[in-house]
Amino acid sequence: AVNDVRAMEATLKALGFQVMTLVNEQATKSGIEGAFQRLGTLGEKDRLIVFFSGHGESVKLPKGSEEGFLVPHDADRARLVQTGVPMRDIDRLGERLPPKHILFVLDACYSGFAFVGFRDIEPETKGDAYYVAATAKPAVQVLTAGETGQKATERDGQGVFTRWLVQGLGGAADRDGDGVITANELASWVEPHVTRDSRGLQKPVFGRLFGEGQFLFELPGRPPAVTSVPPAPPSVPQVTVVPRLGALVIRSPREAVEVWLGERRRGEANCSQVEP
């Protein structure tokens with residue numbers, strides 16, 4: 001787990017993120033909850049990604065349902081209800097924190113998220129109009145290493161999921177080469193590679209907890225994605241000729257327009273003003 005966290009730490013720093021890291025004795029239940037509280041100081045325009053590598057487990061509740069937990073460093077796995085970090089707290093955290101766009105990435109198997117919707121369909125083409133629309137609305141999205149009941153596999157001291165995740169964020173997931181990786185693109189890259197590499201033992205899960213927007217990663221050295229609506233092109237004033245009155249009716253979204261008849265300037269006219 002520490003190797004996974006260090007690999008993601010280096011990857012996120014290379015992408016321009018400020019990183020807060022908890023490993024081993026720092027990653028206790030109280031340490032994780034304290035870090036979540038500190039995230040409350042972020043602003044609406046910040047982008048927040050929370051990465052966790054470790055165990056995720058489900059506990060059967062007395063009435064037959066199950067509850068999912070992340071297992072912190074000091075957890076008692078026989079008492080996860082008291083010592084684990086409930087998945088439902090992650091769900092609520094996404095709505096409570098100020099950032100408009102939040103992505104939870106868990107190198108632990110899916111357990112207990114109430115997804116609004118699973119995989120989104122990636123548009124065939126992207127560009128300024130797509131990114132304007134994608135960032136206009138809030139989004140809380142989740143990408144996990146596998147489905148309920150599956151175990152996250154490791155190889156050579158690193159999780160298979162994190163290995164492909166890091167490669168994707170390094171630029172491999174940017175298949176259209178526009179310098180921007182959406183959460184959708186990242187999930188579409190990670191899912192087949194992890195499923196094949198693990199020989200089907202784990203299949204990543206991607207879903208949306210809240211909102212209709214999109215989390216974006218901007219690769220270094222590329223033009224930034226458009227995150228605001230560009231100004232509208234100038235509108236042409238509408239001119240109506242009223243022959244019977246010998247008048248022009250001018251309507252324009254601008255406060256005033258210059259009026260010319262041939263080469264003769266007649267002055268300025270306000271919207272809907274009649275020039276004889």
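The values are calculated or read from the model by the stated rules, or taken from the named source; none is laboratory data. Just so it is clear, the model here is predicted, and its values are computed rather than measured. For neighbour counting, all protein chains shown are included, and Cβ atoms are generated from backbone atoms with ideal geometry for every residue, glycine included. With ligands, DNA and RNA removed, areas are computed over all heavy atoms of the protein, side chains included. Shrake-Rupley method; radii C 1.70, N 1.55, O 1.52, S 1.80 Å.
Scanning for something exposed (fewer than 12 other Cβ atoms within 10 Å of the Cβ) and under 26 Å from residue 19 (Cα atoms), does the stretch 54-61 turn up at least one residue? No, the stretch 54-61 contains no residue that is exposed (fewer than 12 other Cβ atoms within 10 Å of the Cβ) and under 26 Å from residue 19 (Cα atoms). Within the stretch 75-85, being out of contact with any His (no Cβ under 9 Å at 6 or more places or on another chain) and either more than 13 Å from residue 33 (Cα to Cα) or assigned to a strand (DSSP E or B) (or both) holds for 76, 78, 79, 80, 81, 82, 85.
Kindly check whether there is at least one residue in the stretch 168-191 that is open to solvent by less than 60 Å² (accessible area, probe 1.4 Å) and modelled with pLDDT under 70. Break it down stepwise before answering.
Residues of the stretch 168-191 open to solvent by less than 60 Å² (accessible area, probe 1.4 Å): 168-169, 171-174, 177-191.
Still in the list and also modelled with pLDDT under 70: none.
Among the residues of the stretch 168-191, not one is open to solvent by less than 60 Å² (accessible area, probe 1.4 Å) and modelled with pLDDT under 70, which makes the answer no.
The set of residues from the stretch 35-67 being small (Gly, Ala, Ser), modelled with pLDDT of 90 or more and in a strand (DSSP E or B) comprises just one member, 53.
Only residues that are β-branched (Val, Ile, Thr) and closer than 16 Å to residue 1 by Cβ: list them for the stretch 27-51, please.
28, 32, 50
Of everything in the stretch 6-29 that's of a type in the set (S, T, N, Q) and part of a helix (DSSP H, G or I), which residue is least open to solvent (accessible area, probe 1.4 Å)?
So the residue we want is 11.
Within the stretch 219-230, being buried (at least 18 other Cβ atoms within 10 Å of the Cβ) and modelled with pLDDT of 85 or more holds for one residue alone: 219.
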